[in-house]
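Below: the structure, in structure tokens.
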């Protein structure tokens with residue numbers, strides 16, 4: 001299924017806007033894949049170049065879930081959530097979240113049957129996204145779920161050593177959760 005997008009806005013660290021002709025057709029899948037490419041890139045860069053380098057390698061500053069009190073770096077999952085919250089405030093035609101079958105924070109557990117099915121699918125094969133459609137309230141959504149992989153030692157160390165982590169044997173490259181992206185269908 002395709003939709004018309006007169007202007008496609010991809011919000012990343014730099015706030016990139018790309019204009020398409022009004023007659024352009026972009027499929028929900030292609031739109032979701034493009035949005036995820038930006039999200040995944042920003043998350044990986046922050047994790048590797050900031051958190052892992054400054055906290056684990058150079059030991060200049062630590063990363064902490066209590067970053068304000070600890071005068072530390074926000075964790076990559078927190079940065080991701082802050083971005084998702086800013087997008088939600090802008091009332092753009094999509095939403096996203098980071099979820100896991102093994103969440104440290106229980107609010108990040110899957111809530112719908114499709115989320116559970118998708119997170120299970122990307123945990124089994126993290127090379128392929130999961131796509132589906134679901135109706136929440138009165139709105140039908142195209143939902144895409146992408147594997148969120150451990151991209152740096154900081155990921156596995158944090159999750160494996162966290163007191164609230166239900167899984168403590170993550171390895172680099174392994175799926176730790178998923179990015180759930182929703183686009184309303186018209």
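Coordinate-derived values only; no laboratory data. What you are looking at is a predicted structure, and each value in this text was computed from that prediction instead of being measured.
Descriptive notes on the structure:
- Computed from Cα atoms, the angle from the helix 76-89 axis to the main principal axis of the chain rounds to 30 degrees.
- Mean separation of Cα pairs under 8 Å and 6 or more residues apart, divided by the residue count, gives the chain a relative contact order of 19 percent.
- Three-way shape call for region 56-116 based on the alpha-carbon gyration tensor, with the a/c threshold at 1.5: oblate
- Semi-axes of the equivalent ellipsoid of region 2-184 are 29, 20, 14 Å, computed as sqrt(5λ) over the eigenvalues of the C-alpha gyration tensor in descending order.
- Helical runs (DSSP H, four residues minimum) scored at -39500 (n - 2.57) apiece and divided by the length of the chain put the mean residue ellipticity at 222 nm at -9500 deg cm²/dmol.
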